[in-house]
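Enquirer: Below is one structure. I have some questions about it.
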Amino acid sequence: MRAIVGLLISLALAAGCATEGSKVEEYVDAQTGVTIRAMASSFVYSRSVRSAPGNDLGDYITIGAAEVNRMGARQHYLVVVEFSRIEHQPIEHVGLTFSGQPRELTLVTREPRSLGIAQPPFRPVWGYVGELWYALTAEDLRAFAAGPPDSVELTESGRTLTYFTFERADAALRDFIRDIPETPTSGG
């Protein structure tokens, strides 16, 4: 019995000394066969919405980088996902600034299924509203990593909503970028 207890204590101590794991997730989409590589955690932005005094409702967006790999043809995306405790219309536009410079990104889709993704990354467990997938170059991703925005502006039903940093994911973005080849592969 003492040997088992000693072993359990040793394992617990060893686990505490273990280095932190990868901040990048990679998986093969079980339904489509496409390989997805994405940040294990994403940047989260929030805005405060009050429905009544003292009743603060959560309204959030998450932004993360993802790569879709179809047999070596890689394409990178910036994925913007909105989730909220209040009712929303779909996002029309996202205004982003990388390293202090406004960026116009090319919207590819609002539906990741069109990219061959049946199991998309960054989906919240509650309050999903919608998502936007923007095509990015490796250079765009490096610019984003050099200066992630402190705030993000969304356009929804013709009005602009400003979201501020709630949770950063700089280490996950650095790990994601580290594995991007300097020279692009076909398709990206």
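Enquirer: Looking at region 114-127 only, could you name the residues that are in contact (Cβ under 8 Å) with a residue 12 or more places away in the chain, loosely packed, with under 14 Cβ neighbours inside 10 Å and not hydrophobic (A, V, I, L, M, F, W, C)?
Expert: 123 - this is the single residue of region 114-127 that is in contact (Cβ under 8 Å) with a residue 12 or more places away in the chain, loosely packed, with under 14 Cβ neighbours inside 10 Å and not hydrophobic (A, V, I, L, M, F, W, C).
Enquirer: So is residue 66 in contact with a Pro (Cβ under 6 Å, 6 or more places away or on another chain), at pLDDT 90 or above and either of a type in the set (A, V, I, L, M) or part of a strand (DSSP E or B) (or both) or not?
Expert: yes
Enquirer: Quick one: in region 96-113, which of the residues that are surrounded by 13 or more Cβ atoms within 10 Å (Cβ to Cβ) and polar (S, T, N, Q) is modelled with the lowest pLDDT?
Expert: Among them, the one singled out is 99.
Enquirer: Select, from 82, 87, the only residue that is touching a residue at least 60 places away in the same chain (Cβ under 8 Å), of a type in the set (Asp, Glu) and not in a helix (DSSP H, G or I).
Expert: Working: 87 fails: touching a residue at least 60 places away in the same chain (Cβ under 8 Å).
Within the list 82, 87, the selection yields 82.
Enquirer: State which residue pairs qualify: first residue within 16 Å of residue 94 (Cβ to Cβ) and surrounded by 14 or more Cβ atoms within 10 Å (Cβ to Cβ) and inside region 154-172, second residue of a type in the set (Lys, Arg) and at pLDDT 85 or above in any location, beta carbons under 7 Å apart, and separation of 6 or more residues or different chains.
Expert: 161/47; 163/47
Enquirer: Hey, among the residues in region 131-140 that are more than 22 Å from residue 111 (Cβ to Cβ) and touching a residue at least 60 places away in the same chain (Cβ under 8 Å), which one's surrounded by the most Cβ atoms within 10 Å (Cβ to Cβ)? If you could, list the steps in order and put the result at the bottom.
Expert: As a first pass, look at region 131-140 and keep what is more than 22 Å from residue 111 (Cβ to Cβ): 137-139.
Then drop every residue that is not touching a residue at least 60 places away in the same chain (Cβ under 8 Å), which leaves 137-138.
Values: 137: 13, 138: 16.
My answer is 138.
Enquirer: Return the total of residues in region 131-188 being more than 20 Å from residue 73 (Cα to Cα), of a type in the set (Asp, Glu) and modelled with pLDDT under 90.
Expert: Going residue by residue through region 131-188, those that are more than 20 Å from residue 73 (Cα to Cα) are 131-132, 143-175.
Keeping just the survivors that are of a type in the set (Asp, Glu) gives 131, 150, 153, 156, 167, 170, 175.
If we keep only those that are modelled with pLDDT under 90 too, we end up with 150, 153, 156.
The qualifying residues number 3.
Enquirer: So residue 22 clears everything in (1) under 18 Å from the mean Cα position of the chain (by Cα); (2) exposed (fewer than 14 other Cβ atoms within 10 Å of the Cβ); (3) at pLDDT 90 or above except one condition, right? Which one?
Expert: So the condition that residue 22 fails would be (3).
The values are calculated or read from the model by the stated rules, or taken from the named source; none is laboratory data. None of these values were measured; they are calculated from a predicted model. Glycine also receives a Cβ, built like all others from the backbone with ideal geometry; neighbour counts cover every protein chain displayed.
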